[in-house]
Amino acid sequence: MNDTWVLFLEFLVVAAVVVVLVYLFIKLFGNKFGKAYRNKADHLIIVTGNNQLSIESHIRSYYFWNRFRGKPGRVTCLDMGSLDDTLIILKKLENKYPGLHVERIDASAEDAISDWISSNRRPKEKILVIDMREEGERNLA
């Protein structure tokens, strides 16, 4: 019975050492790996329109990679009048991710996206705009 406990304790010690070494490796070299993620934007702006099937995975992926890089991440979703469950999904995610903000914009307004960006942009802020709408919907704004 004593040999079993000794083996078990040795296993726990080795496992703890491995976990600590992996953690230190990620902490020390995480910045090197993070550089492979090329997005250096401070603010991600996603233009949506009927994207219920893909929007959640995009948001979760962005926050995952930013957390890995040690950056909080700021995302604004500009919804251009989705008729599906995109807004419901975004509102749910807005409660989970404090850096996520959802805006509904009039899809018929000319230059609505660029007007919103210019009026809400912070000084020296690097932004990345991703338009997830279908090709035909992009011509509306």
Report the Stokes-Einstein translational diffusion coefficient (µm² s⁻¹, integer) for the chain, Rh taken as the Kirkwood radius over Cα pairs, at 25 °C with viscosity 0.890 mPa s.
137 µm²/s
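Going highest first, how would you order 119-132, 45-58 by mean Cβ packing within 10 Å?
On the way: 119-132: 12.0, 45-58: 18.6.
Going by the mean number of other Cβ atoms within 10 Å, highest first, we get 45-58, 119-132.
If I take R0 = 35 Å and measure r between the Cβ atoms of D111 and V22 in this structure, what FRET efficiency does the formula 1/(1 + (r/R0)^6) give, to the nearest 0.05? Kindly include the intermediate steps, with their values, before the conclusion.
Working: r = 50 Å, r/R0 = 1.41.
It comes out at approximately 0.10.
Hey, fewest Cβ within 10 Å first, where do W116, W5 land in order?
On the way: W116 18, W5 9.
With the fewest neighbours first, W116, W5 line up as W5, W116.
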Calculated from DSSP helices alone, with each H run of at least 4 adding -39500 (n - 2.57) and the total divided by the residues of the chain, [θ]222 nm to the nearest 500 comes to -16500 deg cm²/dmol
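Could you sort the peptides 68-80, 89-101 by per-residue average Cβ neighbour count (10 Å cutoff), highest mean leading?
Values: 68-80: 19.0, 89-101: 15.5.
Per-residue mean Cβ counts within 10 Å order the peptides as 68-80, 89-101.
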Note: probe point = Cα of I130 + 7 Å toward Cβ; backbone nitrogen < 14 Å; residues of segment 59-82 passing the test are 59-67, 73-78
By how many degrees, between 0 and 90 and to the nearest 10, does the Cα long axis of helix 86-96 differ from the longest principal axis of the chain?
40 degrees
Sketch the reach of a paramagnetic label on N95 as a point 7 Å from Cα along Cα-to-Cβ, and name the residues of segment 59-78 whose backbone nitrogen lies under 20 Å away.
59-61, 63, 75-77
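Each value in this text was obtained by applying a stated rule to the coordinates, not by laboratory testing. The structure displayed is predicted, hence computed values, not measured ones. Note that we place each Cβ from the backbone using ideal geometry, even for glycine, and neighbour counts take in every protein chain shown.
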